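Notes follow the structure.
The values are calculated or read from the model by the stated rules, or taken from the named source; none is laboratory data. Predicted model only: the values in this text are computed from it and were never measured. Quick note on the areas: whole protein, heavy atoms, side chains included, nothing else; ligands and nucleic acids left out. Shrake-Rupley method; radii C 1.70, N 1.55, O 1.52, S 1.80 Å.
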Amino acid sequence: MGNRFICMTKKDGRENASKSKRMAGGRSQRKMQAEEELLHRQALSMAIHQHQLSQRFEGSMSRRIGGSTSSRRRNLPNDIDPFSNAKQLPDFLENLKTKRIVLIHGEGFGAWCWYKTIALLEESGLVPTALDLTGSGIDLTDTNRVTTLEDYSKPLIEFLQNLPEDEKVILVGHSSGGACISYTLEHFSKKISKAVFLCATMVSDGQRPFDAFAEELGSSELFMQEAKFLIYGNGKDNSPTGFMFEKQQLKGLYFNQSPAKDVALAMVSMRPIPLGPIMEKLSLSPENYGTGRRFFIQTLDDHALSPDVQEKLVRENPPEGVFKIKGSDHCPFFSKPQSLHKVLLEIAQIP
């Protein structure tokens, strides 16, 4: 019988090869998207698991936190670390009215950035939930299509809409995620027990989230004219749709105190930042936003939102309480997760 040969012309070969490549390309792209989403989920799960294992051998998790400027600053029950005696944990939890804490990331980040905080809160018996805002984390929405704060906050809005009527949450917003917290305070104030602004854009009525960063980045006009990291998703003839800092800029602005491994995680996980939401003026009323219980956590070694700017935000829009974390950069969930965790526990206990 011998070997069997199939003969074809060069033209037939090129056409079949081109068709095969197109089909393979479509399948490959879909496969890559599915694999990327699975990879991010697995990475977050493994990171949380490894962090939980490591904490068993680190002894006390308490770290020194700078003095609070709040008159309502409270110590933990009996001045103890809640992890130092497991038998005291039920009593500690029993006094908390709200155990669910919703974590909202800042610009470019995703739910993945909270993995250390999630692990610590879960170990203390609380119920943390970290959300990916639209176009962030593993949400595959094109960031160039996210043009309003409402669009950007949609996952948080839907989460609050689906809460049982008698349930409230503590919202924690990092950096520009503070604008999402302000937006939902205005529209869902009855669902929010406390709002925590973590080195965040806690702006006043009529201000934009960008205004909080203006001293570091310059005026919005200058930023739009000179920024080399702007993204023009609709073409150069139209307004920019987003921006993304270069890696070295990110490291200097955000991660000046963070561990190298966590910086590496951030470098491969961060997404472009939609420009529309941070340039939108917030409309905040005394009846809704004004009745919310707000707390601010300052990070004292922050290069992206300097301590002076954070102090100005607090002075111009006073919250109920202010806490300070020493030695923390703009990402305290990387550099000072235990300190952040302890502050969140203290805020959760305030009656």
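Structure above, values below:
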item	result
Rounded accessible area per residue of region 94-349, 1.4 Å, Å²	39
Residue order for Met267, Met244, Met202 - accessible surface, 1.4 angstrom probe, largest first	Met244, Met267, Met202
Largest-first ordering by accessible area, 1.4 Å probe, given options Glu186, Glu165	Glu165, Glu186
Rounded accessible area of His187 (nearest 10 Å², 1.4 Å probe)	100
Rounded to whole Hz, the Karplus (6.51, -1.76, 1.60) HN-Hα couplings of region 297-302, x for glycine and proline	10, 8, 10, 8, 10, 8
Antiparallel content of DSSP bridges confined to region 94-349, in %, to 5	15
Kirkwood estimate for region 94-349, i.e. one over the average of 1/r between Cα atoms, Å	18.2
Karplus (6.51, -1.76, 1.60) ³J(HN,Hα), θ = phi - 60°, over region 179-192, in Hz, Gly and Pro reported as x	5, 5, 5, 4, 4, 6, 4, 5, 9, 9, 4, 6, 8, 10
37 °C / 0.692 mPa s Stokes-Einstein diffusion coefficient of region 96-177, Kirkwood radius on C-alpha pairs, µm²/s	246
Compactness index (Cα Rg / 2.2 N^0.38 Å), region 118-159	1.44
For Leu131, residues with placed amide H under 5 Å, excluding near neighbours	Leu103, His105
Potential extension, Ile350-Leu140 segment - 0.36 nm per residue separation minus Cα distance	71.8 nm
